[in-house]
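Visitor: Quick one: this structure, given as structure tokens, is what I'll be asking you about.
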Amino acid sequence: MHPAVQLNSVSKRYGSRPIVHDLSFTVERNEIVGFLGPNGAGKTTTMRMIAGFTTASAGQVLVCGFDMATQNHEAARKLGYLPEQPPLYDTLEVSQYLRFVAAVKGLQKSEIPRELDRVMSACRLETVVRREIYKLSKGYRQRVGLAQALLGSPDVLLLDEPTAGLDPGQIQETREVIRSFGAQHAVLLSTHILPEVTMICQRVAIINNGRLLAIDSPASLQQASEDSNNVALEVTAPAAELEQELRSLTGVLAVSTHPVPARPGVLRVACHVDGGEGAEARIARAVASRWELHRLERQQPTLENIFLRYVAQGEAKGKGQQ
Amino acid sequence: MSGVLAIYRKEMLSYFRSPIAYFVVAVFLLGTGYFFLYNIFMTGVGTMDETFQSMGIFLMTVTPVISMRLFSAEYSAKTMELLMTLPLRPWQIVLGKFLGAASMLLLMTAATGVNLIPLYLYGNPETKTILSGYIGFILLGLACLSLGQLFSALTQNQIVAALITVPVLLGLWFVGHVQSFQNSYALRDFFGYISLSLHFGDFIRGLVRSEAIVYYLVVCAIALVLNSAYLQWRR
């Protein structure tokens, strides 16, 4: 069986300006892949190439085995796409708009009402069915956009920043919709919100300057970054002596101390440690034997840190190549 | 064909859910009503000849108002991204939109039928000539709409789309007048053949010539094919 989405060495340039370079990755069926990258990284362009809105300058985009360059129409039948800005017809009512999209997607007339009910209930649109789209709030507009993408249960769902502009409650609901949809279909989701990726994605693709920097599960990416862990502690101690003591310990790479405001004498210390075992225990023993230790915790690398590290590495590599 | 129909239905809904359709039809009826009354009272002859002539020129400024939004509005509202990623081929989008605009034209044309009531009540007009005039008027309108739709696809600004369409249509309308300044027969024939107004003149006089019908249909076909090709190229 073909992967839901397959990119083979895809590049895109506008005139002489390269946007995406030699991008290759796949999204399997029943998988939610997060697409992370800073602004201008090439996420939207990549999404547009997969959706068939723009064609790749080089390489091949396959959706369920259909080549976007030559079998665009067949591939489009497999896709549901929510662009960065929801594509809505302001003068139409929500139900009229969804009915239009359902008809274009080739749904049978008899099944359209049932399908409309399904997506409207999934996206919580029941209360605005008869409302004109221009009267809707940003959150509702986003949800109408998501509803049109879900129509016809497409094999592949492409979502460009689906939770942008939603309030926390709506974000939660939308994530739930995506999670349940992703249990049976493929979802590629671009986002800036890093916790979103850890919460709902099985794999994460990190992209910057149009290049793929990493693609793996959030857990593996975190694991790969264990060597850059930090240990944070709060101690009542003289700064110079404490720093000297900590630096003498095995596995401690760097130490920085800051006084805690409103707690005289207490220092907040960040120890940069290597990936070896027992660093926290050694630090705890050394500190507790001489001073008063209030708090000690090993900080797991957040996806945010991993993301920033990959982006920084990618930029350094790019400069090196130049 | 279901894709074309879906686009067509969406277009018709959009026309009647915004004030554009009502406004354009109202302005068109006011204008044609004025031309009709003016011509009847000035000439005292119970025909539609002069009225059709005025309606023809009026069409050069009214059709761009209908066509200017066809693609420009889709670009500016970012809905083109939806149309181009749904299972639709560019020609289906182009044809669906054109049929919607053509329906508006037919509606406007049908509404001018109100002028015929006093004409038949108090005069003795030639029905065949009037029918031929209407056929010409609709064909002329279709050609104008197809060109307007093509120009609308070139820009995301509706005003710019209209500002390109009006001079092109007026140019094609008045190009027939250049005929008399030409010594070369080939050029005279050429300017006559590409003129929107000269072919329309035949219909007004009651001549339904296949050459004129083919001319308008060819203009539509060229504009719609270029329109589809442009959408495909934009990918």
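Visitor: If one takes the longest principal axis of the Cα atoms in chain B, at what angle in degrees, from 0 to 90 and to the nearest 10, does the Cα axis of helix B:127-152 lie?
Guide: Here the helix axis deviates by roughly 30 degrees.
Visitor: Using a 10 angstrom cutoff on alpha carbons, build the Gaussian network for chain B and name the most mobile of B:124, B:39, B:115.
Guide: Sorting by GNM fluctuation, first place goes to B:124.
Visitor: Mind jotting down a quarter of the surface of the convex hull over the alpha carbons of segment A:226-299, in square nanometres, one decimal?
Guide: Details: hull surface 17.2 nm².
Computed as one quarter of the Cα hull surface, the answer is 4.3 nm².
Visitor: Okay, moving on. Zone of residue B:128 (label point 7 Å along Cα→Cβ, backbone N under 17 Å): which residues in segment B:210-230?
Guide: B:210
Visitor: In vacuum, with every alpha carbon of segment B:2-234 counted as one equal point scatterer, what does the Debye formula give for log10 I(q)/I(0) at q = 0.09, 0.10, 0.16 Å⁻¹? Two decimals, please.
Guide: -0.40, -0.49, -1.13
Visitor: With a cut-off of 8 Å between alpha carbons and a minimum separation of six or more residues, what is the relative contact order of segment A:5-221 in percent?
Guide: Numbers: 424 pairs, mean separation 66.0, N = 217.
Relative contact order, segment A:5-221: 30 percent.
Visitor: Given a 10 angstrom Cα cut-off, can you work out which residue in B:163, B:59, B:140 is the most mobile in a GNM of chain B?
Guide: B:163
Visitor: Also, quick follow-up: Gaussian network model of chain A, Cα springs within a sub-10 Å range: biggest mean-square fluctuation belongs to which of A:199, A:120, A:49?
Guide: Comparing A:199, A:120, A:49 in a Gaussian network model of chain A, the most mobile one is A:199.
Visitor: Compute the orientation-averaged projected area for the protein assembly as shown from the convex hull of its Cα atoms and round it to one decimal in nm². Before the final figure, lay out each step's value.
Guide: Details: hull surface 147.8 nm².
Reported value for the Cα convex hull: 36.9 nm².
Visitor: What lysines sit close enough to residue A:109 to cross-link, taking a C-alpha to C-alpha distance under 21 Å and skipping anything fewer than 8 places away on the same chain?
Guide: Candidates past the 8-residue exclusion: A:78, B:10.
Visitor: Let me ask you something else. What share of all Cα pairs of segment A:60-191, in percent, falls into each consecutive 5 Å distance bin?
Guide: 2, 11, 21, 23, 22, 13, 6, 2, 0
Visitor: Which percent, nearest 5, of DSSP beta bridges in chain A are antiparallel? Each step should come with its number before you reach the end.
Guide: Details: 41 of 59 bridges.
About 70 percent, rounded to the nearest 5.
Visitor: When the chain is fully extended, how far beyond the present Cα-Cα distance does residue A:29 get from residue A:249, taking 0.36 nm per residue of separation? Working shown, then result.
Guide: Values: separation 220, 0.36 × 220 = 79.20 nm, distance 4.86 nm.
Gain on extension, residue A:29 to residue A:249, equals 74.3 nm.
Visitor: Then there is this: Give me the dipole magnitude in Debye, nearest 20, for segment B:2-234 about the Cα centre, with unit charges on the beta carbon: positive for Lys and Arg, negative for Asp and Glu.
Guide: Computed charge dipole of segment B:2-234: roughly 580 debye.
Visitor: Counting only helical runs of four or more DSSP H residues, what would the 222 nm mean residue ellipticity of the protein assembly as shown come to if each run contributes -39,500 (n - 2.57) and the total is spread over all its residues? Intermediate results must be reported in sequence, preceding the final value.
Guide: Details: 23 runs with 308 residues, N = 557.
The per-residue figure over the protein assembly as shown is -17500 deg cm²/dmol.
Visitor: So, one more: Defining a contact as two alpha carbons under 8 Å apart and six or more residues distant in sequence, what relative contact order in percent does segment B:2-234 show? Intermediate values should be presented prior to the final figure.
Guide: Working: 279 pairs, mean separation 64.2, N = 233.
In percent, rounded to a whole number, it is 28.
Visitor: Related question: Under a crude label model (7 Å from the Cα following the beta-carbon direction), how far is residue B:54 from residue B:22 in nanometres?
Guide: About 2.7 nm separates the two model spin labels.
Visitor: Considering all projection directions equally, how large on average is the shadow of the alpha-carbon convex hull of chain A, in square nanometres? Show your work: numbers first, answer last.
Guide: Values: hull surface 85.9 nm².
The directionally averaged projection comes out at 21.5 nm².
Visitor: Right, another one. When the Karplus curve 6.51 cos²θ - 1.76 cosθ + 1.60 is applied with θ = phi - 60°, which whole-Hz ³J(HN,Hα) does each residue of segment B:15-24 get, with x for Gly and Pro?
Guide: Each residue's phi maps through the Karplus curve to give 4, 8, 9, 10, x, 4, 4, 5, 5, 5 Hz.
Coordinate-derived values only; no laboratory data. The structure presented is a predicted model; accordingly, all values stated were derived computationally and were not measured. With ideal geometry, Cβ positions are generated from the backbone for all residues, glycine too; neighbour counts draw on all protein chains shown.
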